[in-house]
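Peer 1: The structure is given below, and queries will be raised subsequently.
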Amino acid sequence: MKNVKTIALATALAATAAMSAPTFAADRGDDIRSGDYSWMQFNAMYAFNELPRTDADDGGHDYLEMEFGGRAGFVDLYGYVDVFNLATGDSGDKADGSGKSKMFMKFAPRFSIDAITGWDLSAGPIQEVYFSTLFNWGGGAVGEDVNASFWGIGADVMVPWLGKTGMNLYAHYDMNGKEWNGYQFSMNWFKPFVNFDNGSFVSFQGYIDYQFGADDDYGNEFVPMSSNGGAAYFGVHWHSDNYALGYGLKAYQDVYLLEDGAGIVGLETTGFAHYLTATYKF
C-alpha cells in the first residue's frame, strides 16, 4: 500500500511563515483567504520490500504518485493518488495478474478552528488548532481494499529543530466493517537542513502514523488483526524549484493493524522498506 513520502512543499512554506508570524491572527488578520496557496507535483517512485506482502512477493514495484495540497480559507488539505506497476511488470508484489489493487488514495482535509471561530487558539508551541479528518481508499494487499476514515483534533506545533510539525489524534472508523475501531496518532515534518547557493536545499522529511486501542478480535483466520501498529517514514530529499530527488527508509510494525506472519495467509507486516523518488513540481 503506501509510503507517504514527499511531505508537502506546502509544509515547508508554512513552516517558514510560522517562524516570522507565530499565530493565525498575525498571519491573516481579518481576511482568512489572504494566505491561500496550492501546489501539485508528480513523483515517479520505486519501492523495495514494501509491506504488507506475502512470502511469494519480492516487494519491489514502480508507481506514479500525484501529490497535492494547499490552504483555502479555513481548509488545509493534503492528499495523493498512487497508480502502481506502470511498467506492467510480471514480477513483484504489484505484478499484473496478481489480482491486487492498481490504485491507492489518501485524502486528508483539516478545518481550522481558529479561522472558523475567529479565536486565536495558539499557546506556547501550538500555532493553530484543527478539526482533522483522514481517508484511506484502495490498495488492498489481500482481500478487500482499505476503506478507512479517521476523525479527530489536530494542531501545528513548533518542535525543536524540526520546526512546524503537523500533529493529529483521530478515532478510526472502518467503513468496510461499519464500526469504530481504535485510534491513530499522526505527525509529519519537513526540515530543510542544507542550503546551496543556487537556492536548492536538502530536507529531512517524514511522518509517523500509529494506530492503537483497536479490537484485536476484528480479523479472521486468514488475516488476524493486531490491537496496535503503524509506520514511520524518514526521508532525505534534494529540492530545487522544479525538481526533487529523494531516498526514504520506512519502518513498519503490524501496519494497517494486520498481525505479522499470522493466519493462513502469513502476511508480512513488520519490517523495513526503501523508497527512491524523482519529482516534478507544478
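Bear in mind that the values in this text are calculations on the coordinates, not laboratory data. This structure is a prediction, so every number in the text was calculated from the model and none was measured. Cβ placement follows ideal geometry from the backbone for every residue including glycine, while neighbour counts extend to all protein chains displayed.
Peer 1: Six or more apart or on different chains, Cβ atoms under 6 Å: show the pairs whose first residue is in the range 239-252 and free of Cβ contacts under 8 Å to residues at least 24 places away in the same chain and whose second is part of a strand (DSSP E or B).
Peer 2: Every condition considered, the pairs that remain are ALA251/ALA232; ALA251/PHE272.
Peer 1: Go through the residues of the range 260-268 one by one and say whether even a single one is of a type in the set (Gly, Ala, Ser), surrounded by 14 or more Cβ atoms within 10 Å (Cβ to Cβ) and closer than 17 Å to ALA47 by Cβ.
Peer 2: No.
Peer 1: Another question, then. Does the range 125-169 hold any residues that are under 14 Å from the mean Cα position of the chain (by Cα), surrounded by fewer than 20 Cβ atoms within 10 Å (Cβ to Cβ) and under 21 Å from ILE32 (Cβ atoms), and which are they?
Peer 2: Within the range 125-169, just THR133 meets the criteria.
Peer 1: Right, next: Could you say whether any residue in the range 235-242 is buried (at least 17 other Cβ atoms within 10 Å of the Cβ), over 26 Å from THR165 (Cβ atoms) and of a type outside the set (Phe, Trp, Tyr)?
Peer 2: No, the conditions are met nowhere in the range 235-242.
Peer 1: Shifting gears a bit: Among (1) surrounded by 17 or more Cβ atoms within 10 Å (Cβ to Cβ); (2) within 15 Å of LEU245 (Cα to Cα), there is one condition HIS172 misses while meeting the rest; what is its number?
Peer 2: In the conditions (1) surrounded by 17 or more Cβ atoms within 10 Å (Cβ to Cβ); (2) within 15 Å of LEU245 (Cα to Cα), HIS172 misses (2) alone.
Peer 1: Moving to a separate point now. Considering only the range 207-229, state which residues are in a strand (DSSP E or B) and on the phi > 0 side of the Ramachandran plot.
Peer 2: Scanning the range 207-229 gives a single hit, GLY229.
Peer 1: Being β-branched (Val, Ile, Thr) and more than 27 Å from PRO192 (Cβ to Cβ) is the requirement here; does ILE126 meet it?
Peer 2: no
Peer 1: Does the range 239-273 hold any residues that are farther than 16 Å from PRO52 by Cβ and assigned to a strand (DSSP E or B), and which are they?
Peer 2: HIS239, TYR243, ALA244, LEU245, GLY246, TYR247, GLY248, LEU249
Peer 1: Which of the residues that make up the range 137-195 are polar (S, T, N, Q) and in a strand (DSSP E or B)?
Peer 2: Passing the criteria: ASN147, SER149, THR165, ASN168, ASN181, GLN184, SER186, ASN188, ASN195.
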